[in-house]
Amino acid sequence: MRRKYSAMLTAALMVVLSLALAGFSGCSKSPTAVVDDQSGSVTLLKRNVAAAKLLDDSYYVDQVVSAAEGGTVSLLDVQLFFPPGALKSDTLISIEIPDPTTYADHFGTDGLVFNIPVQITMSYRDAILDNVNNLSIKMAWFNTVTGEWEIIRCVNNVESKTVTAVVSHFSAYALITDE
């Protein structure tokens, strides 16, 4: 019982810390600000396909994550962390990279809503960063109702070249820049 309480407390502290750090990053200050610069468009960050091919030939993975224990699902440069209690029951979780040339990923089960927020970390260490300021890189989710990418609260660690966000639901997520 103590172990379960300790794991849940640790997960809750991670979520609070991630949200607190988001205020100091180059990412959105509001949870869902519409991505819209003067030209009305954003650019999806581009992957170096040769580097991705060296890492793995598969652009899809799925695994069952325990509701009680939580867990991690990873594919190429994407990692999903589920704290204990985030899921209502043991759930098949998937990561799909439909286009290996961009940092737009689909997480499933699509539309899944979590009891406790889940952490997404995406690395852009193999990104093509020509004319891109690392500080301008943000994470966004695709709103199927509006047809727009919406910036989410996130932390951009330019030293490790990762962007981390905590989310309450699954859909398509991407690394974007508005430069």
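Laid out as a table, the results:
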read-out	value
Ala68 vs. criteria part of a strand (DSSP E or B), out of contact with any helix residue (DSSP H, G or I) (no Cβ under 6 Å at 6 or more places or on another chain) and hydrophobic (A, V, I, L, M, F, W, C)	no
Within region 71-113, tally of residues that are of a type outside the set (Asp, Glu), farther than 24 Å from Ile176 by Cα and either in contact with a Ser or Thr (Cβ under 9 Å, 6 or more places away or on another chain) or not in a loop (DSSP other than H, G, I, E, B) (or both)	6
Those residues of region 77-100 which are of a type in the set (A, V, I, L, M) and under 16 Å from the mean Cα position of the chain (by Cα), in sequence order	Val78, Leu80, Ala86, Ile93, Ile95, Ile97
Which listed residue is in contact with a strand residue (DSSP E or B) (Cβ under 7 Å, 6 or more places away or on another chain) and of a type in the set (Asp, Glu), from Glu179, Glu96	Glu96
Residues that are in contact with a strand residue (DSSP E or B) (Cβ under 6 Å, 6 or more places away or on another chain) and not in a strand (DSSP E or B), drawn from region 135-160	Ser136, Ile137, Ile152, Cys154
Options Val132, Val118; residue that is touching a strand residue (DSSP E or B) at 6+ places or on another chain (Cβ under 6 Å) and not in a strand (DSSP E or B)	Val132
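Yes/no matrix, rows are residues, columns are (1) at pLDDT below 90; (2) closer than 30 Å to Ser89 by Cα; (3) in contact with a Lys or Arg (Cβ under 7 Å, 6 or more places away or on another chain):
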residue	(1), (2), (3)
Val34	yes, no, no
Ala50	yes, no, no
Val64	no, yes, no
Ala67	no, yes, yes
Gly70	no, yes, no
Leu76	yes, yes, no
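The values are calculated or read from the model by the stated rules, or taken from the named source; none is laboratory data. Because the structure is predicted, anything quoted here is derived from the model rather than measured. No Cβ is skipped: glycine too gets one built from the backbone with ideal geometry, and neighbour counts run over all protein chains shown.
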